[in-house]
Amino acid sequence: MENYEVLQRNLENRGFTVRVANSQEEVIPILKELVPEGAQIGIPGSVTIRQLGIIENFKMLGHKVIDTWDNGDRENRLKQLNADVVLTSSNAITEDGLLVNLDGTGNRVASMCFGPKKVIAIIGINKVTKNLEEAIYRTKNVAAPLLYKSKNSNTPCQKTGYCHDCKTTKTKQCRVLVIHEGKPRGIEEFHIILIKEKLGF
Ligand code: SF4
């Protein structure tokens with residue numbers, strides 16, 4: 001992805017607020033600027049957010065952090081998706097500004113659609129795809145296999161590295177595919193931080 005200006009403009013036309021960071025180090029001050037003092041922060045299943053190592057940082061600043069990987073029960077997931085601010089990523093983003101996400105439980109994509117007043121998605125250069133077809137391909141053949149391998153889930157994709165299009169929920173962990181064509185009206189601010197580095201799955 002060479003032309004971030006075009007991607008930024010396309011996202012802004014869809015209602016997103018966009019910042020571009022050259023490195024992970026540049027993301028931390030942007031986040032501190034965007035997350036209001038004392039805000040509750042919801043963290044769904046995002047490898048990007050954990051790789052950034054910012055969760056402890058926010059706890060030290062006095063924020064209540066609701067992390068669904070600490071506690072994955074229904075009540076905690078509901079709290080996460082209704083937090084003041086949700087920090088997440090996207091499995092893929094197209095050059096014309098669509099966000100594409102594949103989820104199993106649903107709370108991650110739900111919180112990107114309705115619940116929090118503010119969503120901040122941090123997206124590495126490795127997630128940018130030419131078009132929607134490539135974005136969906138990426139979610140199922142790159143993001144999902146890597147995620148399920150990291151969790152040692154019983155899916156065929158984590159063993160082979162590509163999607164087998166599971167027909168049964170016995171092996172199918174990915175259940176919900178969501179495409180954002182624009183900022184949902186129920187979310188007041190939807191920030192996207194594009195990083196010119198590979199990050200997350
Ligand atoms: S359908 Fe099955 S093989 Fe394909 S990504 Fe989902 S879990 Fe993996």
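The values are calculated or read from the model by the stated rules, or taken from the named source; none is laboratory data. Bear in mind the structure is a predicted one, so any value in this text is a computation, not a measurement. Reconstructed Cβ throughout: ideal geometry from the backbone, glycine too, with neighbour counts over all protein chains shown. We work out accessible area using only protein heavy atoms, side chains counted, and drop any ligands, DNA or RNA first. Shrake-Rupley method; radii C 1.70, N 1.55, O 1.52, S 1.80 Å.
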> Under 5 Å between amide H atoms, partner at least 5 residues away or on a different chain: which partners does Ile192 have, H built in plane at 1.01 Å?
Replying inline: Thr17, Val18, Arg19, Ala121
> Around Val20, what is the net charge, scoring Lys/Arg as +1 and Asp/Glu as -1 over all other residues with Cβ under 10 Å from its Cβ?
Replying inline: 0
> Residue by residue, what Karplus-based ³J(HN,Hα) values in Hz, rounded to whole numbers, does the stretch 61-71 have, using 6.51, -1.76 and 1.60 with θ = phi - 60° and x for Gly and Pro?
Replying inline: 7, x, 7, 7, 10, 9, 10, 6, 8, 7, 8
> If you take the beta carbon distance between Glu181 and Asp84 as r and set R0 to 30 Å, what does 1/(1 + (r/R0)^6) give as a FRET efficiency, to the nearest 0.05?
Replying inline: 0.75
> Non-local amide H neighbours of Val128 (under 5 Å, H modeled in plane, Pro and chain starts lacking H): which ones?
Replying inline: Ile93
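Residues of the chain: accessible area per residue at 1.4 Å, in Å²?
50 Å²
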> For the chain, what % of the accessible area comes from carbon and sulfur atoms, probe 1.4 Å?
Replying inline: 47 percent
>> Which residue, Thr48, Ala21, Gly38, has the largest displacement toward the positive end of the dipole of the chain when charges sit on each Cβ (Lys, Arg +1; Asp, Glu -1)?
In response: Thr48
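Please arrange Glu26, Glu181 by accessible surface area, largest first, computed with a 1.4 Å probe and ligands excluded.
Values: Glu26 70, Glu181 135 Å².
Final ranking, largest accessible area leading: Glu181, Glu26.
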> Separation of the stretch 67-137 and the stretch 167-201 by C-alpha centroid, Å?
Replying inline: 4 Å
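Quick check: net charge around Ile120, other residues with Cβ under 13 Å of its Cβ, Lys/Arg +1 and Asp/Glu -1?
Details: positive: Arg19, Lys32, Lys117, Lys118, Lys183; negative: Glu33, Asp84, Glu188, Glu189.
Surrounding charge for Ile120 is +1.
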> If we sort 31-39, 140-148, 16-24 on the protection proxy, mean other Cβ atoms within 10 Å, highest first, what's the order?
Replying inline: 140-148, 16-24, 31-39
> Calculated from DSSP H runs of 4 or more alone, at -39500 (n - 2.57) each and per residue, what is the 222 nm mean residue ellipticity of the chain, nearest 500?
Replying inline: -8000 deg cm²/dmol
> Roughly how much of Leu61 is accessible, in Å² to the nearest 10, using a 1.4 Å probe?
Replying inline: 100 Å²
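When only the heavy atoms of the protein chains count and the probe is 1.4 Å, how do His164, His63 rank by accessible area, highest first? Please report the intermediate quantities before stating the final value.
Numbers: His164 80, His63 20 Å².
Result of the area sort, largest leading: His164, His63.
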>> Going by amide H atoms built from the backbone, whose H comes under 5 Å of the H on Thr68, apart from near neighbours?
In response: Ile43
>> Residue by residue through the stretch 155-166, what is 3J(HN,Hα) from phi via Karplus (6.51 cos²θ - 1.76 cosθ + 1.60, θ = phi - 60°)? Round to whole Hz and write x for glycine and proline.
In response: 10, x, 5, 5, 8, 9, x, 9, 6, 9, 6, 3
>> Using a Cα-Cα cut-off of under 20 Å, which lysines could be cross-linked to Lys149, ignoring same-chain neighbours fewer than 8 residues away?
In response: Lys127, Lys140, Lys159, Lys167, Lys170, Lys172, Lys198
